[in-house]
Amino acid sequence: MAIARVGAWLNTQDGTTRTSWQVTTTTIANVRDFLVAIIAFDNCGTSGAAPTLSIADSKGNVWTQAGSVNRTAASATNDGTTCFIFYCPVKNTIPVGETITMTISPTCPSKAISIDRFTGVKNVSPQIGSATTATGSSAVPTATTGSLTSGNLCVGAVAQEGNNASTYTEDTDTTNGSWVSFTAIGTTGGSSTANQKIGGASKILSATGAQTYNPAITSGDWAEVIVEFGAGTWTDVYDLPSLVQTQPARFRASVR
């Protein structure tokens, strides 16, 4: 099954200092969908370190961190930005009105998340290799991967220390496919350095080769992550010992 982008699934921002951030879904995610979340957080750890982050949803699906990178300009708390990419193969349908909960440590003020929905990504070991990362403060963030495989999904994300009005102009290169934007979103209020914005794009690869992701932003601290996900069929995974105990009739006919 070929990979396809279904569309934007969820995007929101929050400027309240907290250790738990809960958002409500407004669109369904079906079984065998593949969700990719790109996220910007203040670098709220000690001396400007990245926060730790975990994600859970109210239907019990597993969210996995694919990559992250932290930018601190002067080793000071909240002086830069942290970029995360998470993914979730949807095993249990997520209807409208369910919750996505992000648990953060330590307390973090500004943050933004954008999630897109795909099909055709394999659910077992979907991430191919390690994330590619870069940081800086120029107006053109840039990171370049090694060779990626035709037919796979490439996702690039850039977190920037800036508000929702900060520039985010999509990369227009068409090397082995075209970039399709996630919804860029950021916090508002106060100075630009008191805010966080996330933007990114996906590309379904039409040929094998390296990828460079370089959107244009307002100059300032940025952090970039690129991840490759593999195409493939969905593999249903069952806990066989538990099934034998709870549904023994299903297995008697095959045991002689």
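The values are calculated or read from the model by the stated rules, or taken from the named source; none is laboratory data. This one's a predicted model, so the numbers in the text were calculated from it and none came from an experiment. Please note: Cβ atoms are built from the backbone with ideal geometry, for glycine as well, and neighbour counts cover all protein chains shown.
Data table
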| read-out | value |
| --- | --- |
| Matching residues, the range 216-239, being at pLDDT 95 or above, of a type in the set (A, V, I, L, M) and over 18 Å from Ala66 (Cβ atoms) | Ala216, Ile217 |
| Output for the range 1-36, where each listed residue is within 25 Å of Lys203 (Cβ to Cβ), assigned to a loop (DSSP other than H, G, I, E, B) and hydroxyl-bearing (Ser, Thr, Tyr) | Thr27 |
| Given (1) within 20 Å of Lys197 (Cα to Cα); (2) modelled with pLDDT of 95 or more, index of the condition Asn78 fails | (2) |
| Top-ranked residue of the range 101-112 - restricted to ones that are surrounded by fewer than 24 Cβ atoms within 10 Å (Cβ to Cβ) and touching a strand residue (DSSP E or B) at 6+ places or on another chain (Cβ under 6 Å), ranked as nearest to Thr233 (Cα to Cα) | Thr101 |
| Pair list, Cβ under 6 Å, 6 or more apart: the range 91-117 residue over 29 Å from Gly190 (Cβ atoms), other residue among the aromatic types (Phe, Trp, Tyr) | Arg117/Trp9 |
| Exclusive hit being outside any strand (DSSP E or B), of a type in the set (S, T, N, Q) and crowded, with 17+ Cβ neighbours inside 10 Å, set Asn123, Asn70, Asn92 | Asn123 |
| Complete set of residues in the range 15-40 that are of a type in the set (Gly, Ala, Ser) and surrounded by fewer than 20 Cβ atoms within 10 Å (Cβ to Cβ) | Gly15, Ser20 |
| Hits in the range 129-143 - residues which are within 16 Å of Cys83 (Cβ to Cβ) and in a strand (DSSP E or B) | Ser130, Ala131, Thr132, Thr133, Ala134, Thr135, Gly136, Ala143 |
| Failed item, numbered, when Lys203 is tested on (1) part of a loop (DSSP other than H, G, I, E, B); (2) modelled with pLDDT of 95 or more | (1) |
| Number of positions in the range 147-187 that are β-branched (Val, Ile, Thr), under 16 Å from Phe41 (Cβ atoms) and part of a loop (DSSP other than H, G, I, E, B) | 1 |
| Answer from Gly48, Gly67 - the residue that is farther than 16 Å from Trp21 by Cβ and under 14 Å from the mean Cα position of the chain (by Cα) | Gly67 |
| Checklist (1) within 14 Å of the chain's Cα centre (by Cα); (2) over 17 Å from Ile3 (Cα atoms) applied to Tyr213, failing item | (1) |
| Residue within the range 2-14 that is over 27 Å from Val121 (Cα atoms), without any contact (Cβ under 8 Å) to a residue 40 or more places away in the chain and buried (at least 16 other Cβ atoms within 10 Å of the Cβ) present | no |
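Okay, residues lined up against (1) out of contact with any Lys or Arg (no Cβ under 6 Å at 6 or more places or on another chain); (2) closer than 16 Å to Pro141 by Cβ; (3) touching a residue at least 60 places away in the same chain (Cβ under 8 Å); (4) buried (at least 23 other Cβ atoms within 10 Å of the Cβ):
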| position | (1), (2), (3), (4) |
| --- | --- |
| Asp42 | yes, no, yes, yes |
| Gly60 | yes, no, no, no |
| Ala74 | yes, no, no, no |
| Thr77 | yes, no, no, no |
| Phe84 | yes, yes, yes, yes |
